[in-house]
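What follows is a short report on a single structure.
The values are calculated or read from the model by the stated rules, or taken from the named source; none is laboratory data. Remember, it's a predicted structure, so these values are computed and weren't measured experimentally. Cβ coordinates were reconstructed from backbone atoms using ideal geometry, including for glycine residues, and neighbour counts include every protein chain displayed.
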Amino acid sequence: MFCQYCGNSNPDDASFCSACGKNIAWTAGAAVSRVAPAPAAQTAPATAPQPIASEPVHVVSAAEERLVRSILAPEAKKDRWKLPNWLGVAAGIAIIVMLIPHKDGTSVCDAAHNEVAQQVPFAVEILAARHPLTVGVVRAVTKESGFVDKLAGIYVQSEMIPQENPGQASCYLAYYTVMFQKDRVRASIADWLEAKVNLK
């Protein structure tokens with residue numbers, strides 16, 4: 001028999017193990033059951049794998065495809081025509097720039113003429129600073145307040161400013177030149193008057 005403690009082989013009638021010395025007295029039936037190998041586990045017969053049931057594939061018809069495209073087409077068109085924000089801001093600024101000259105209800109060329117005419121008194125003051133004696137004598141002779149300014153204004157509008165409209169783009173350019181470069185425009189009017197009246 002085999003020792004149940006150390007597994008050493010001993011004679012069947014031995015009471016103690018010859019290796020470890022422990023009591024190994026067993027009945028014949030107990031010893032046989034102790035050393036008998038365990039029966040092999042019964043395995044279940046292999047079964048063939050069952051196929052997985054799958055849902056039938058739906059085939060999209062041409063009518064369904066057209067319906068889906070008709071639903072999604074407006075969204076695609078909207079995204080295609082979406083404009084950047086800066087373009088809207090630029091368009092707003094351009095509209096404001098084009099409308100400002102019309103604030104008095106006149107055309108843009110009339111607005112440009114009016115802006116030039118409003119700079120004439122300042123140009124006359126530049127002339128008075130350049131030629132105080134001549135301008136002072138004229139003002140003393142007329143004895144009318146602002147007569148020189150009125151005369152210069154009429155002369156500038158009739159001779160310096162062209163009466164025909166040179167075109168919308170040119171009028172816009174002239175208007176904003178006067179608006180943003182008034183000192184230069186006043187000096188130009190003074191130079192023109194000085195040359196025309198032969199004050200040099």
Taking Val148 as the residue in question, decide whether it is surrounded by 15 or more Cβ atoms within 10 Å (Cβ to Cβ), over 30 Å from Ala94 (Cβ atoms) and in contact (Cβ under 8 Å) with a residue 40 or more places away in the chain. no
Within the range 188-198, identify whether any single residue is at positive phi, modelled with pLDDT under 90, loosely packed, with under 11 Cβ neighbours inside 10 Å and out of contact with any Cys (no Cβ under 7 Å at 6 or more places or on another chain), and answer yes or no. yes
Asn165 is checked against (1) more than 30 Å from Ser107 (Cβ to Cβ); (2) touching a residue at least 12 places away in the same chain (Cβ under 8 Å); (3) not acidic (Asp, Glu) and fails just one. What number does that condition carry? (1)
Selection from the range 94-127 of residues touching a Gly at 6+ places or on another chain (Cβ under 8 Å) and touching a residue at least 60 places away in the same chain (Cβ under 8 Å) yields Val120
Scan the range 155-200 for residues that are assigned to a helix (DSSP H, G or I), of a type in the set (Gly, Ala, Ser) and within 41 Å of the chain's Cα centre (by Cα) and jot them down. Ala169, Ser170, Ala174
Can you name the condition, by its number, that Lys182 falls short on among (1) modelled with pLDDT under 85; (2) under 13 Å from Val116 (Cβ atoms)? (1)
